[in-house]
1. For the pair GLN6 and GLN166, how long in nm is the line joining their label points, each one 7 Å along Cα→Cβ?
2. State the percent of C-alpha pairs, over all pairs in the stretch 81-168, separated by a distance greater than 22 angstrom.
3. Divide, for the stretch 148-190, the radius of gyration over alpha carbons by 2.2 N^0.38 Å, where N is the residue count.
4. Where does the chain land at 222 nm, in deg cm²/dmol rounded to the nearest 500, when only DSSP H runs of n ≥ 4 count, each adding -39500 (n - 2.57), divided by all residues?
5. Show me the trypsin sites (Lys or Arg not before Pro) within the stretch 64-124 that DSSP assigns to loop and that have at most 16 other Cβ atoms within 10 Å of their Cβ.
6. A 32 angstrom limit on the alpha carbon distance is what I want to check against. Which of LYS65/LYS186; LYS24/LYS65; LYS21/LYS151; LYS84/LYS147; LYS12/LYS185; LYS21/LYS185 exceed it?
7. Which residues' amide hydrogens lie under 5 Å from the amide hydrogen of GLY41, considering only partners 5 or more residues apart or on another chain, with H built in the peptide plane?
8. Computed from the coordinates I sent, mean projected area of the Cα convex hull in nm² equals one of (1) 9.8; (2) 11.9; (3) 15.0. Tell me the label.
Amino acid sequence: MQSLTQIAEQVKTCQKCDLYKQAKNPVPGEGNAQAKIMFIGEGPGATEDELGRPFVGNAGQLLSKLLALAGLKREDVYIANVVKHRPPNNRDPQPDEVAACWPYLEEQIKLIKPKIIIPLGRHAMARFIPIGTISRNQGRVFRREIKNLGKLYFYPIYHPAAALHQPSLYRDLENAFRRLPAVLKKVMAN
């Protein structure tokens, strides 16, 4: 098994899909290697592409505030994305791009061994929970068998960027984060 550092090095030179051609920097992920909680977004935005770090733009600033509502800091969790390079013009990741990045994300999950994965938004959710919509599944706990990873807990919630674009979603997002400590306690008890 590789280390998170080795995975990051592989992502830096990855050419498995065309996303690397227009991206400025790869964004492999960062955070606590022993995190109980792993957040997974869909892909890097402009600021993330510029800095090579996940969730550091406006959505990342909101994520940090939401983490505080749950009594957490960025240092307590691990943050990654379904795709490791920014899609052009911030478009949705394509299925072949998601598939090309999956081995990296799969290895990250194996190494970190989170107690719960929090998919942020519909694209991240669809990678693990292919049924339902983000609006229906957000804030609910799922336990699913994932090939090569075993049974994992998932707690999909809206992507912070969605609340920035649609302020009406903020209350649901905030409530999902406020419930996170109780959700984690329940998952840890199982």
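1. About 4.2 nm, to one decimal.
2. On the way: 1029 of 3828 pairs.
In whole percent, the long-distance tail amounts to 27.
3. After normalising by residue count via 2.2 N^0.38 Å, the value is 1.42.
4. On the way: 9 runs with 86 residues, N = 190.
Calculated at 222 nm, the ellipticity per residue is -13000 deg cm²/dmol.
5. Working: sites: LYS65, LYS73, ARG74, LYS84, ARG91, LYS110, LYS115, ARG122; in loops: LYS73, LYS84, ARG91, LYS115.
Passing both the DSSP loop test and the Cβ count: LYS73, ARG91, LYS115.
6. Working: LYS65/LYS186 23 Å; LYS24/LYS65 27 Å; LYS21/LYS151 35 Å; LYS84/LYS147 21 Å; LYS12/LYS185 36 Å; LYS21/LYS185 43 Å.
Those over the limit are LYS21/LYS151; LYS12/LYS185; LYS21/LYS185.
7. ALA80, ASN81, VAL82, LEU120
8. Checked against the structure: label (1).
None of the figures in this text is laboratory data; all of them are computed from the coordinates on show. Please read all numbers here as calculations on a predicted model, not as lab measurements. As a convention, Cβ positions derive from the backbone with ideal geometry for all residues, glycine included, and neighbour counts pool all protein chains shown.
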